[in-house]
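Below is the structure I would like to discuss, written out as structure tokens.
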Amino acid sequence: MGQVILDKVSMKFGDFTAVDNVSLEIESGEFFSFLGPSGCGKTTILRIISGFNRPTSGTVYISGSSMEGIGPNKRPTALIFQNLALFPLMSVADNIAFGLEVKNIGRNDRRKKADELLELIALTGYGDKNINELSGGQKQRVAIARALAVEPQVLLLDEPLSALDLKLRQHMRSELRDIQKKTGVTFIYITHDQGEAMTMSDRVAVMSAGKIEQTGTPEEIYNHPSTPFTASFVGENNLFRGRVISASDGMSVIDTPCGRFTGVNTDGHKQGDEAAIFIRPERMTVADSTEENGQNIFSSTVSRMEFEGSFVNLFLKKACADREISVNMMNSGETGRFRQGQQIRIAFSPEHSRVMKADGKIS
């Protein structure tokens, strides 16, 4: 119960394709996130699953049954909107039990269910309070409880934390994940916030221009991006463009204006192909004057530094790179030795580098 399958689903609005031939399987009890920039189609997919949008082509299956011709109120889903849509003139308990009232469940049973859910969301005793008496985070939890009251197989969440401040968003991430684990309901979450997707999800689908770029666990998405868009959109990445001069044994050597670098061959490119090599800032280190050890090494000039307490961002001039180069270092107490205009050598491991064809979308 709660498995969701998208089979070749597309959605067009006139000449605009919002969702382009998406096929995907979301497992029962999974916390699954769609991650991507505004306008990439992720909210449209949520509305297709919920039944508010009928796909131009393709089929949605929930718990093994086709949803063709089944309206939103008949699907085993519940949707939490970005604005929560709570009723300000109702008590907290009545808000939670609203869906049960629509189903003609008796008042006593409704209140019993509301109290059970208030305990689940850590708001025991709040049932008789007015919605306007609650904080933003408490309102968020009430919206979740109201959705869970009708016992959906799938809970759909459309950027529900976007209106909260940073600390409350971070707190609500763990709250949401905890509630999902306790209930076992399939959660499908829409966000443009990488932190939300990476910290809460079992798996993530990265979207761009209506297509799914990559699907995987947060660790797979971050450590092993398979497309230039995923590499550049999820987290920070340094990018060096060039041409492949050799490719063998799953590795490629690419000739760039910064030098020749070796990295993992991600998409089967071959000698002569235009390509780009990606490397995370935290995977780069400052090399001493003699270090080699099979590392990729180049020289550059310090342009500025950003001190963030536990770590320091070192920025280098982009004379030989596609964009400004950044190096993320732990604060060892010795970062003061770097100064603007200083020439330094930077090293990074071939195993931590990803070489991809340069014709893909880059964020």
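The values are calculated or read from the model by the stated rules, or taken from the named source; none is laboratory data. Computed from a predicted model, the values in this text were never measured in an experiment. When we count neighbours, we look across all protein chains shown, and the Cβ atoms used for this are built from the backbone with ideal geometry, even at glycine. These accessible areas exclude ligands, DNA and RNA; they are computed on the full protein's heavy atoms, side chains included. Shrake-Rupley method; radii C 1.70, N 1.55, O 1.52, S 1.80 Å.
Say we look at segment 132-158 and pick out the residues that are in a helix (DSSP H, G or I), open to solvent by 40 Å² or more (accessible area, probe 1.4 Å) and not polar (S, T, N, Q); which of these is nearest to Ser28 (Cα to Cα)?
Only one residue fits best here, namely Arg146.
Same structure, new question: Please go through (1) within 28 Å of the chain's Cα centre (by Cα); (2) surrounded by 15 or more Cβ atoms within 10 Å (Cβ to Cβ) for Glu219 and return the number of the only condition it doesn't satisfy.
All conditions pass for Glu219, except number (2).
Have a look at Ser162, Ser201, Ser174, Ser226 and point out the one that is open to solvent by less than 40 Å² (accessible area, probe 1.4 Å) and polar (S, T, N, Q).
None of the others qualify; the one that does is Ser201.
Among the residues of segment 327-362, which ones are polar (S, T, N, Q), within 23 Å of the chain's Cα centre (by Cα) and in a strand (DSSP E or B)?
Asn328, the sole residue that qualifies.
Condition check: open to solvent by 50 Å² or more (accessible area, probe 1.4 Å) and not aromatic (Phe, Trp, Tyr). Does Asn104 satisfy that?
Spelling it out, Asn104 is indeed open to solvent by 50 Å² or more (accessible area, probe 1.4 Å) and not aromatic (Phe, Trp, Tyr).
Scan the strands (runs of 3 or more DSSP E) fully inside segment 210-326 and keep the ones with 2 or more residues being over 30 Å from Lys42 (Cβ atoms).
Per the criteria, 238-248, 251-256, 259-265, 284-287, 296-307, 311-316.
To continue, here is another question. Which of the residues belonging to segment 23-39 are open to solvent by 60 Å² or more (accessible area, probe 1.4 Å) and not in a loop (DSSP other than H, G, I, E, B)?
Ser23, Glu25, listed by residue number.
Identify all residues within segment 222-259 that are of a type in the set (A, V, I, L, M) and under 12 Å from the mean Cα position of the chain (by Cα); write none if there are none.
Of everything in segment 222-259, just one residue is of a type in the set (A, V, I, L, M) and under 12 Å from the mean Cα position of the chain (by Cα), namely Val234.
Checking the structure you have, find out if any residue of segment 320-339 is hydroxyl-bearing (Ser, Thr, Tyr) and surrounded by fewer than 17 Cβ atoms within 10 Å (Cβ to Cβ).
Within segment 320-339 (the criterion being hydroxyl-bearing (Ser, Thr, Tyr) and surrounded by fewer than 17 Cβ atoms within 10 Å (Cβ to Cβ)), the answer is yes, since at least one residue qualifies.
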